[in-house]
Amino acid sequence: MRVLSWNINGIRRILGNYKSCEEFVRGLEADIVCFQETKAFKSALGASQVSFDTFQSYWSFCHSNRSYSGVCVYSKETPLAVEEGLSGGYTTFSVSIPQLSDEDKLKPLANIHSYNQETLLGQNYHPDFTNVKQLDTEGRALCLDYGMFVLINVYCPAEGDESRVKFKKSFHELLFERIRILKEGGRQIILLGDINIAHRAIDHCDGLELTRTDIGKMEFETKYTRQWMDKLVSDDNSPLVDIMRLFHPTREGMFTCWNQLINARPSNYGTRIDYVLITPGLIPWVKEADIAPSVYNSDHCPVFIDLHDSIPDPHDDTKVLHLKDYLSKPKGAALPPLCASNWDEFNGKQTSLSSFFQPGIKKISPSRSLSRSTTPKNHRDQPQIESFFQPRGRTNSGDHNNPANPTKKQKVDNDKTIKSAWKALMAPKRVPKCKVHNEDCREYTVNKPGPNKGKKFWLCSRNVGPGYDAGGSKRNRADVDSRYRCNFFVWSSHLERDMSGIEDYKSDKQ
């Protein structure tokens with residue numbers, strides 16, 4: 001059995017590469033598929049996208065921005081219970097689906113609303129989040145109870161301005177508390193998804209450089225996100241285990257996310273921020289834990305674990321434990337209320353919009369379908385290219401220096417002008433060469449909002465990589481590795497102003 005997690009960076013975008021959602025999900029060859037950053041909204045999903053054959057799906061959407069965040073789970077196995085969010089009481093489907101009863105919730109009951117909020121969030125408590133339900137409004141978590149384990153699919157917030165840092169800290173503490181409550185209740189847990197933290201130096205493309213000095217190492221290791229991760233997985237008292245690092249403790253370059261803006265993936269200049277974390281009791285069931293870097297179409301790659309179909313009973317050598325016995329749901333049991341197949345749109349309860357309308361009589365207007373004139377037109381509707389390059393003549397009919405009928409020499413000159421114009425128009429774009437490698441550069445466009453948005457510029461075409469020339473303010477010259485991108489830069493507009501060559505251009509700063 002395979003459990004897979006992938007930040008897909010927009011499900012509508014990625015489905016454009018496949019014939020159907022079913023083809024996409026099945027192609028991942030997993031039994032439980034967890035997606036993050038779906039950027040979807042409920043009304044945009046069709047029946048063929050929420051269930052097919054043996055797969056059912058469960059969704060959480062961002063409440064404030066329809067094309068932001070969001071997580072979902074496609075599952076062959078039917079969970080016993082499903083909750084949206086981490087607080088134990090939030091649902092964006094309250095209009096069409098009743099609030100979950102205690103029987104529909106994960107066991108043990110972990111409705112965090114019953115806990116003191118200041119105690120819950122500890123030192124990261126902030127008055128902006130006195131109601132922890134606010135932390136669930138961005139569609140960042142789904143909790144599914146499979147009996148044998150509770151699966152938590154999570155998309156943790158990234159850092160931003162001060163308000164987002166506070167939100168991120170509070171979200172982390174809420175996640176940790178939910179895990180603690182479940183584990184104290186005797187439950188096994190699989191936490192997986194985009195945690196948005198590069199935990200160790202080995203998990204970061206610049207980890208060695210960032211931790212080269214004692215001060216750098218201290219700053220790297222004492223960052224609050226890594227301290228939270230330490231609390232989650234780093235010692236015997238931690239509730240979870242980083243199962244991929246347990247299987248591959250010294251593997252370098254095991255990255256899961258790359259910056260697409262600088263084309264960082266070909267040189268594997270990335271970070272590991274996607275994880276599968278499990279409680280120690282599940283370790284004997286894990287056959288393999290790894291990443292799938294050969295799967296593209298996102299700035300992340302999938303991560304997964306494979307579970308054994310059976311293992312020896314640790315308490316009785318004569319017995320064998322079978323995975324299917326621990327995951328089976330009673331036959332005929334109803335799907336969990338939050339299953340997408342229960343949405344009114346797909347279970348026949350919602351009236352179709354088309355039922356309010358009757359097909360009308362199609363009218364054809366003969367006057368619109370026939371030409372008003374059968375006489376062919378002799379004039380040209382499209383101007384010729386020479387009209388854009390000929391100089392304007394004076395309209396004085398008495399000017400004998402501009403005769404109405406051009407001479408043979410004037411016609412030849414005019415043909416040369418047109419030929420030159422076409423040659424200039426069709427000529428290939430001048431491509432500059434970088435100074436260090438003397439190789440053709442690559443043109444980019446500024447997408448960042450600001451005065452330069454839309455402007456084009458040229459950079460060294462080599463990939464970024466460890467030690468690439470990021471500029472003197474970011475990397476010492478002695479540490480630059482010339483195998484990767486140099487710091488050549490020139491605006492396209494500057495290049496076009498000087499058509500005589502580029503020898504005098506220097507690597508100026510953007």
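Where a number appears in this text, it was derived from the coordinates with a stated rule and is not lab data. Please read all numbers here as calculations on a predicted model, not as lab measurements. FYI the Cβ positions are ideal-geometry reconstructions off the backbone, even for glycines, and counts take in every protein chain you see.
Taking one quarter of the surface of the convex hull spanned by the alpha-carbon atoms of the stretch 1-44 gives a direction-averaged projected area of 3.1 nm². If you take the square roots of the eigenvalues of the alpha-carbon gyration tensor of the stretch 1-344 and sort them as a ≥ b ≥ c, do you get rounded (a/c under 1.5), prolate (a/b over b/c) or oblate? Because its axes are fairly even, with a/c under 1.5, the stretch 1-344 counts as rounded.
For the stretch 1-96, trypsin sites (Lys or Arg not before Pro) are listed when DSSP marks them as loop and at most 11 other Cβ atoms sit within 10 Å of their Cβ; the list is 19. Taking GluC sites (Glu not before Pro) across the stretch 1-73, the ones in a DSSP loop with at most 12 further Cβ atoms lying within 10 angstrom of their Cβ are 29. Over 24 Å apart at the Cα level, from the set 168/231; 19/329; 168/455, are 19/329; 168/455. For the stretch 219-314, chymotrypsin sites (Phe, Trp or Tyr not before Pro) are listed when DSSP marks them as loop and at most 15 other Cβ atoms sit within 10 Å of their Cβ; the list is 296.
When you work out D = kT/(6 pi eta Rh) for the stretch 123-257 at 37 °C and 0.692 mPa s, using the Kirkwood radius from C-alpha pairs as Rh and the Stokes-Einstein form, the result is 201 µm²/s. Projecting the Cα positions of 248, 293, 234 onto the charge dipole of the stretch 1-344 (unit charges on Cβ atoms of Lys, Arg, Asp and Glu, taken about the Cα centre) puts 293 furthest along the positive direction.
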